[in-house]
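Visitor: One structure is given below, represented as structure tokens, and several questions about it will come after.
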Amino acid sequence: GKLGRYPPWPGKIVNPPKDLKKPRGKKCFFVKFFGTEDHAWIKVEQLKPYHPHKEEMIKINKGKRFQQAVDAVEEFLRKTKGKDQASSHNSTEEKNRHNSSEERGKQSAGEEKRKASLSEGRVKKGTGEGKKRVSSVSSERGSKSPLKRAQDQSPRKRGRPPKDEKDLTIPESSTVKRVMTGTVAGFKWPPSVSEPVKDSDPHFHHFLLSQTEKPAVCYQAITKKLKVCEEETGSTSIQAADSTAVNGSITPTDKKIGFLGLGLMGSGIVSNLLKMGHTVTVWNRTAEKCDLFIQEGARLGRTPAEVVSTCDITFACVSDPKAAKDLVLGPSGVLQGIRPGKCYVDMSTVDADTVTELAQVIVSRGGRFLEAPVSGNQQLSNDGMLVILAAGDRGLYEDCSSCFQAMGKTSFFLGEVGNAAKMMLIVNMVQGSFMATIAEGLTLAQVTGQSQQTLLDILNQGQLASIFLDQKCQNILQGNFKPDFYLKYIQKDLRLAIALGDSVNHPTPMAAAANEVYKRAKALDQSDNDMSAVYRAYIH
């Protein structure tokens, strides 16, 4: 049955058995339920921190078995406190699993769904610095980012059930021993990065600041940790990293948030900001797109200038350099609402010159500016799993902490304005070129009498295997080109990346070739389809 019908139940995140694959799709964690020998993959939305919801849980559950589970939690907390005082508090935010023990056994990762007890990401970050277990648990509980990441691994993301979904609910209890410390906290890197450094995550804040003199180190450290966290959950270095990312409770900022642009990316971002409890005022060029968000609790802004003037931090996510400039400099634009102290965060993927110009005019009026383009697609935006590349006002980056946690799984601070634009164009240049290569291979297979499905199966067994490769090939094989990332925008990014290469006399022949194929696809009316529709440019 649907999980929503069951009462919440305390549990702790643990490492799954090595031979148990993580479900694909939305983010989920492997949870061991207190007072039982049950385990299950649980979706992030169903997890809530233990302490804030303890009383509520106890009111709902009166059974003896549940009381034993609560006793087990308290005992665990006492022990972990002894071992690791730093991590003990939040570390124990046990995920309120609204599963009864039996359901746990039955439920597959897919079934344990959002309904359970929507924690909307309001998880606590563990405080621990020390031992793996405690901080791990805490971290897991705590960082929303990990949660998110988990989510994105849960089954159903693209509608295809995970292969091993049925096995997911029968893990070994021994797995409890290894706590996911690294993973959890690690993924909260984004949060950590995003964490309101002042309140929620002083440790992480400290970690970043200690490396600001050599920004490169900062990024490397973060990416390394992300990697390590994924692969070697138990290592000590990770633990330290974990604890830094796990301090404090993840709560929405009390600042008023504005959001301009409700396209494929903006819509998912706003939805997640609202779910996390932020106060959001929205504006879109075509006003009807705002209706859905008004129903979800957003306020309506009549013009960009009005949104900026009534909000503390205004985000914008529009299509290209021209749209980004018009939004700021046009009639009733952002600039008209800028006064000293107002904050503007541009999430559009544009060139460095454009973003530098916008930063200058905003700052000249006393405003604060941050560029924060995002790597991802509509699905990742909806799932709150974007990767955020930020540059500009460091203080503003930290003020955006809870917002970045709501919308992303990771955020990077890259230094001065322009750096994020350049990095984003390079990332999308690689992605766009790879997509064109995939299409080229699939069509060559077809015209030479080879099975396209077999080609995909072979690629999925090799080192190129990735979610991106699999999803895009599946789209092509099914003839499904519903936009997840508009073809016209990846072509725009290739064009801007080539111009970036031109500006420093650096050759970009692969991107230039891919760009020509996308231009051909645009001529075939594929602009508003997904980037995978570049496939149609190869069909004779």
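Visitor: Place a point 7 Å from Cα of Ala287 in the direction of its Cβ. Which residues in the range 305-328 have their backbone N less than 16 Å from it?
Guide: 305-307
Visitor: If R₀ is 22 angstrom, what is the calculated FRET efficiency for the pair His506 and Asp353, using the beta carbon separation as r and rounding to 0.05?
Guide: Working: r = 16 Å, r/R0 = 0.74.
According to the calculation, E is roughly 0.85.
Visitor: For the range 392-470, which GluC sites (Glu not before Pro) pass both filters: DSSP loop (anything but H, G, I, E, B) and at most 16 other C-beta atoms within 10 Å?
Guide: Sites meeting the loop and neighbour criteria: Glu416.
Visitor: In Å², and per residue, what accessible area does the range 254-416 have when probed at 1.4 Å with the other protein chains present?
Guide: Working: 5560 Å² over 163 residues.
Dividing the accessible area of the range 254-416 by its residue count gives 34 Å².
Visitor: For the range 296-309, what does the Karplus curve 6.51 cos²θ - 1.76 cosθ + 1.60, with θ = phi - 60°, yield as ³J(HN,Hα) per residue in whole Hz, taken in order and with x for Gly and Pro?
Guide: After applying 6.51 cos²θ - 1.76 cosθ + 1.60, I find 7, x, 7, 9, 9, x, 7, 9, x, 4, 5, 4, 4, 6 Hz.
Visitor: So if each residue of separation counts as 0.36 nm, and I subtract the Cα-Cα distance between Thr454 and Glu37, what length gain in nm does that give?
Guide: Extra length available between Thr454 and Glu37 comes to 146.0 nm.
Visitor: Still on this structure: Where the centre of each part is set by its Cα atoms, how far does the range 430-477 sit from the range 273-289, in angstrom?
Guide: 37
Visitor: Of Lys79/Lys256; Lys21/Lys255; Lys422/Lys519; Lys22/Lys422; Lys289/Lys325, which ones are farther than 32 Å apart at the Cα?
Guide: Over 32 Å Cα-Cα: Lys79/Lys256; Lys21/Lys255; Lys22/Lys422.
The values are calculated or read from the model by the stated rules, or taken from the named source; none is laboratory data. If you're wondering where the values come from, they're calculated on a predicted model, not measured in any experiment. FYI the Cβ positions are ideal-geometry reconstructions off the backbone, even for glycines, and counts take in every protein chain you see. Each accessible area value is taken on the protein alone, full model and side chains, heavy atoms only, with ligands, DNA and RNA left out. Shrake-Rupley method; radii C 1.70, N 1.55, O 1.52, S 1.80 Å.
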